[in-house]
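For reference, the structure discussed in these notes is given below.
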Amino acid sequence: MPLKRPALGLAFCLLYLTSCFTNKYVLSVLKFTYPTLFQGWQTLVGGLLLHVSWKRGWVEMSSSSRAEVISWLPASALFVGIIYSGSRALSRLPIPIFLTLHNAAEVIACGTEKFVQKEQISLLKICRVLILLVAAGCLPFCDPQFDADGYSWAVIHLLCAGGYKVYHKFRRPSSLSDSEQQYINYASSVVVLAFASHPTGDLFSALDFPFLYFYSFHSSCCASGLLGFLLTLHTLKLKSSTSSGQYAAWTCLAKQELHSHCSLARTA
């Protein structure tokens, strides 16, 4: 199957790689493990840039009613869970292991389609989901550097991601576009994470961060915020300009390239 929109798809893949590696650098190399602040910063930058893009006419959004916004808040709560638990997990697990567990969220969506919605699932999709499930299930037994906390956060992450997929597919308000949903996600995340930064201890613990005044930390945080937004923007454009199968193919290619680069980094 030939991939359409190659320039947009390749840009998406490049942003996917650089965004993941930048986040991993901040979380694991610099060890800035304060997710309410790190993810709060990323969602604040993403929300502001998405707002500017809307005003400039680069993305299409309309004024939504209060009922429409409220109907999407459960998905926004799951989004907060996704980014918070994902940040916790990625700080403790290698990228390939994290991605394998993240991909298992598809099992939840497929299981809901099969057993709740009673939809017909193709044999190929069932086999693919079973492979994802087996791969994720075998990881804890094959990982020589098993980290219980990292895996616990990864399980929470995949549960939230799976719940988000289910809500997005079966409860999606028809009047809210993907851009509007993401805008609500950003706004909700900034508010929730800002209030959570004090009770979690991140707000004052970050003052003792050893690289707080280092250029490498400042530049990495700026890069993570900008790359995260650009990845979101290209994801929205890729979804709207290609079929679901084409989008899945580009996503698979991006993850495969990320796995390959991680393997090369380990052998170098």
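Going by the structure shown, is ALA194 over 20 Å from ILE95 (Cβ atoms), open to solvent by 50 Å² or more (accessible area, probe 1.4 Å) and either of a type outside the set (Gly, Ala, Ser) or part of a helix (DSSP H, G or I) (or both)?
On the way: over 20 Å from ILE95 (Cβ atoms): yes; open to solvent by 50 Å² or more (accessible area, probe 1.4 Å): yes; either of a type outside the set (Gly, Ala, Ser) or part of a helix (DSSP H, G or I) (or both): yes.
Yes; evaluated as a whole, the condition is true for this residue.
Examine region 144-153 for a residue that is in contact with a Lys or Arg (Cβ under 6 Å, 6 or more places away or on another chain), touching a residue at least 40 places away in the same chain (Cβ under 8 Å) and open to solvent by less than 30 Å² (accessible area, probe 1.4 Å), and state whether such a residue exists.
Checked against the condition, which is being in contact with a Lys or Arg (Cβ under 6 Å, 6 or more places away or on another chain), touching a residue at least 40 places away in the same chain (Cβ under 8 Å) and open to solvent by less than 30 Å² (accessible area, probe 1.4 Å), region 144-153 yields at least one hit.
So, in region 79-129, how many residues would count as being part of a helix (DSSP H, G or I), modelled with pLDDT under 95, open to solvent by 20 Å² or more (accessible area, probe 1.4 Å) and not hydrophobic (A, V, I, L, M, F, W, C)?
The total comes to 10.
Return the pairs, sorted by first residue and then second, in which the second residue is not in a helix (DSSP H, G or I), the first residue lies in region 233-255 and is within 25 Å of TYR183 (Cβ to Cβ), the beta carbons are less than 6 Å apart, and the residues are 6+ apart or on different chains.
Final answer for the pair search is SER241/ARG5; THR242/LYS4; THR242/ARG5; GLN246/LYS4.
Okay, residues lined up against (1) open to solvent by 40 Å² or more (accessible area, probe 1.4 Å); (2) in a loop (DSSP other than H, G, I, E, B); (3) touching a Cys at 6+ places or on another chain (Cβ under 8 Å):
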{"residue": "PRO199", "(1), (2), (3)": "yes, yes, no"}
{"residue": "LEU203", "(1), (2), (3)": "yes, no, no"}
{"residue": "PRO210", "(1), (2), (3)": "yes, yes, no"}
{"residue": "LEU226", "(1), (2), (3)": "yes, no, no"}
{"residue": "LYS239", "(1), (2), (3)": "yes, no, no"}
{"residue": "ALA249", "(1), (2), (3)": "no, no, no"}
{"residue": "HIS259", "(1), (2), (3)": "yes, no, no"}
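Would you be able to tell me the number of residues in region 19-32 that are open to solvent by 30 Å² or more (accessible area, probe 1.4 Å) and closer than 12 Å to PHE211 by Cα?
2
Name the single residue, out of those in region 1-16 being aliphatic (A, V, I, L, M) and surrounded by fewer than 20 Cβ atoms within 10 Å (Cβ to Cβ), that is farthest from PHE209 (Cα to Cα). Before you say what the answer is, go through the steps one by one.
Initially, region 1-16 is screened for residues aliphatic (A, V, I, L, M), giving 1, 3, 7-8, 10-11, 14-15.
Now drop any that are not surrounded by fewer than 20 Cβ atoms within 10 Å (Cβ to Cβ), which leaves 1, 3, 7-8, 10-11, 14.
Values: MET1: 49, LEU3: 45, ALA7: 40, LEU8: 38, LEU10: 36, ALA11: 34, LEU14: 30 Å.
So, considering only residues that are aliphatic (A, V, I, L, M) and surrounded by fewer than 20 Cβ atoms within 10 Å (Cβ to Cβ), the one farthest from PHE209 (Cα to Cα) is MET1.
Restricting the search to region 68-77, which residues are open to solvent by 40 Å² or more (accessible area, probe 1.4 Å) and out of contact with any Leu (no Cβ under 9 Å at 6 or more places or on another chain)?
Within region 68-77, ILE70, LEU73, PRO74, ALA77 meet the criteria.
Give region 57-80 a look and list any residue that's of a type in the set (Phe, Trp, Tyr) and in contact with an Asp or Glu (Cβ under 9 Å, 6 or more places away or on another chain), or say none. Can you show your working first?
First, the residues of region 57-80 that are of a type in the set (Phe, Trp, Tyr): 58, 72, 79.
Result: TRP72, single match.
Answer with yes or no whether LEU132 is over 25 Å from the mean Cα position of the chain (by Cα), under 17 Å from CYS252 (Cβ atoms) and either of a type in the set (A, V, I, L, M, F, W, C) or open to solvent by 30 Å² or more (accessible area, probe 1.4 Å) (or both).
Values: over 25 Å from the mean Cα position of the chain (by Cα): no; under 17 Å from CYS252 (Cβ atoms): yes; either of a type in the set (A, V, I, L, M, F, W, C) or open to solvent by 30 Å² or more (accessible area, probe 1.4 Å) (or both): yes.
The answer is no for LEU132.
Looking at region 35-69 only, could you name the residues that are more than 14 Å from SER197 (Cα to Cα) and among the small types (Gly, Ala, Ser)?
Answer for region 35-69, where residues must be more than 14 Å from SER197 (Cα to Cα) and among the small types (Gly, Ala, Ser): GLY46, GLY47, SER53, GLY57, SER62, SER63, SER64, SER65, ALA67.
Determine whether TYR183 is free of Cβ contacts under 8 Å to residues at least 60 places away in the same chain, in contact with a helix residue (DSSP H, G or I) (Cβ under 6 Å, 6 or more places away or on another chain) and buried (at least 18 other Cβ atoms within 10 Å of the Cβ). Working first, answer last.
Numbers: free of Cβ contacts under 8 Å to residues at least 60 places away in the same chain: no; in contact with a helix residue (DSSP H, G or I) (Cβ under 6 Å, 6 or more places away or on another chain): yes; buried (at least 18 other Cβ atoms within 10 Å of the Cβ): yes.
Criteria not met by TYR183.
Sort out which residues of region 1-55 are outside any helix (DSSP H, G or I) and touching a Gly at 6+ places or on another chain (Cβ under 9 Å), and write them in order of number. It would help to see each step written out before you state the result.
Within region 1-55, the first condition is being outside any helix (DSSP H, G or I), and the residues that meet it are 1-5, 30-34.
Once the filter is applied, which keeps residues that are outside any helix (DSSP H, G or I) and touching a Gly at 6+ places or on another chain (Cβ under 9 Å), region 1-55 yields MET1, LEU3, TYR34.
The values are calculated or read from the model by the stated rules, or taken from the named source; none is laboratory data. This one's a predicted model, so the numbers in the text were calculated from it and none came from an experiment. Cβ: placed from backbone, ideal geometry, glycine included. Neighbour counts: every protein chain shown. Please note that ligands, DNA and RNA were not included when accessible areas were found on the heavy atoms of the full protein model with its side chains. Shrake-Rupley method; radii C 1.70, N 1.55, O 1.52, S 1.80 Å.
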